Amino acid sequence: MYALYVSPMGAGSDMSKVVTGLVAELNNAGLKTVSFKPIGDGVTAEAAAQLLSKGGNDQLMEDIISAYYTAADGAQVVVVEGVVSDFAQSGALAPYAAPLNAELVRNLQADVVFVAAKAEHVQTICTDLAVQSFKIAPAKVVGSVSQDANVASALNIADIKARATTEREAKFSPPAFRYQLIDAARKANKRIVLPEGDEPRTVKAAIICTEKKIARCVLMAKREDVERVAAEQGLTVPAELEIMDPALTRANYVAPLCEMRKAKGMTPEQAEKELEDTVMQGTVMMALDEIDGLVSGAVHTTANTVRPALQIIKTAPGSNIVSSVFFMLMPDQVLVYGDCAINPNPTAEQLADIAIQSADSAKAFGIPARVAMISYSTGTSGAGPEVEKVDQATKLAQSLRPDLAIDGPLQYDAASVESVGKSKAPNSKVAGQATVYVFPDLNTGNCTYKAVQRSANVIAVGPMLQGLRKPVNDLSRGALVDDIVFTIALTAIQATQMAK
């Protein structure tokens, strides 16, 4: 789908004629084209201004992106009508018009047509100043036009058609990724157990997931405790949100757990003691196919969450290790970082497995997989055991999966910056354009993801565990409510993928 953003330059611009003309011309050119107004079709000007005044940019973008995909269903081209900085047309939203237009252009990955109120301004509006204000490359500007001009003569429709029909690599902006995530989770309709059922953030997240139909959550806790925690946050527990008292159901899983652990000689008494841990009980439920996935870690440690899964669920066929990835929602695209949560010091063989798992996870969520094996050295510029490990892991991963673009050792800047990549690794298919970053050890990975997350104000979705037969995901104990919601969504999608 190709987005063409029609943006006003200054107050007084009336874009309805330009938008209508563009839709007609592109339809006549054989492209199924629709129009979309972010403010109007997406949200009202008043609601948008209220969200922006309270710092709710992310929520506004998600609301608009959701409406955009609904309006764009089945279309090849969407002509998006920008926001005018005119109080008569945009009301309280007028002061936010310029940055809002720039943010929408970026999040929709759109090309731009600038619209001037007067014909004499057309030659000057598509200047470096206009491009810089949008923080986009000049190549993304397909033309500029007066609001009174004939669109067919003022713009190169053939060129726009060529751009619209040229296959491009998908680059999810953060709001688009979050929308796709939630939409896919809704379609999955999976039952996800939350062993930390009376933890306040978990309760709120479960209520949100229930109300938005993201997943069918099961809170493991006493009902009175859940209702008390919800009330303390000014929330009401929806009738359809399932609450299961683990003390009342524990006996149901003693015999199954004994059977699952008979090779270890587990007795009913030992099983009952193990099942006092709600994570263990939830894991047994998943092994019995009573639920589809498990999310824990707001209170429990990573070891507490993963240990029952390794004992009961075990690794997936072909997987020799359990690892993790974070989806890093950068301003212009989503990157994958692994492993930042599980393996302290993986061997070269394990690092190769992590690279392959991370690449497959990226592809499963619509992210092109170009895997950079990160080191403090690029190619043969440095030496030492740590560089040699990454080099060996790279060669092993390449031999195991020749279908994947994997390269290393690469320094982070050589992996991420095009000019540096061309200079340091000119023959690499990954350098300068990596989408998946595999770190040599947990120390490097964890420090890097947290530095990027906090310093650049980037949302990190995860960690999502890889390599298990069924989806179990671990939360950071500092997780926010939104983090838990997105992790539940990830888990629901994983459950669908693993069932195939």
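Computed values, structure above
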read-out	value
Listed residue (151, 108, 170) projecting farthest to the positive dipole end of the chain, Cβ model	170
Segment 325-341 - phi-based ³J(HN,Hα) in whole Hz, Karplus 6.51/-1.76/1.60, Gly and Pro as x	9, 10, 8, 9, 8, 6, x, 10, 6, 10, 10, 10, 10, x, 9, 10, 9
Simple Cβ-charge dipole of segment 426-500, Lys/Arg +1 and Asp/Glu -1, about Cα centre, in debye nearest 20	180 debye
Over the chain, relative contact order from alpha-carbon pairs under 8 Å, at least 6 apart, %	14 percent
Nearest 10 degrees, 0 to 90: helix 385-400 Cα axis against the chain principal axis	80 degrees
Hz values of 3J(HN,Hα) by residue in segment 492-499 - Karplus curve (6.51, -1.76, 1.60), Gly and Pro given as x	4, 5, 4, 4, 5, 5, 6, 7
Helix-only mean residue ellipticity at 222 nm for the chain, each DSSP H run of n ≥ 4 adding -39500 (n - 2.57), per residue, nearest 500	-13000 deg cm²/dmol
Most positive-pole-ward Cα, 410, 311, 485, against dipole of the chain from beta carbon charges	410
Amide H partners (placed H, <5 Å) of residue 334, local residues excluded	172
Helix 16-28 axis, angle to the chain major axis (alpha carbon atoms, nearest 10°)	80 degrees
Hits among lysines - C-alpha to C-alpha of residue 389 under 22 Å, sequence gap 8 or more where chains match	424, 429
Rel. contact order, % - alpha carbon contacts under 8 angstrom, at least six apart, segment 1-80	49 percent
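Quick note: the coordinates plus some simple rules give every number you see, no bench work behind them. Quick caveat: nothing in here was measured; it's all calculated off a predicted structure. Please note: Cβ atoms are built from the backbone with ideal geometry, for glycine as well, and neighbour counts cover all protein chains shown.
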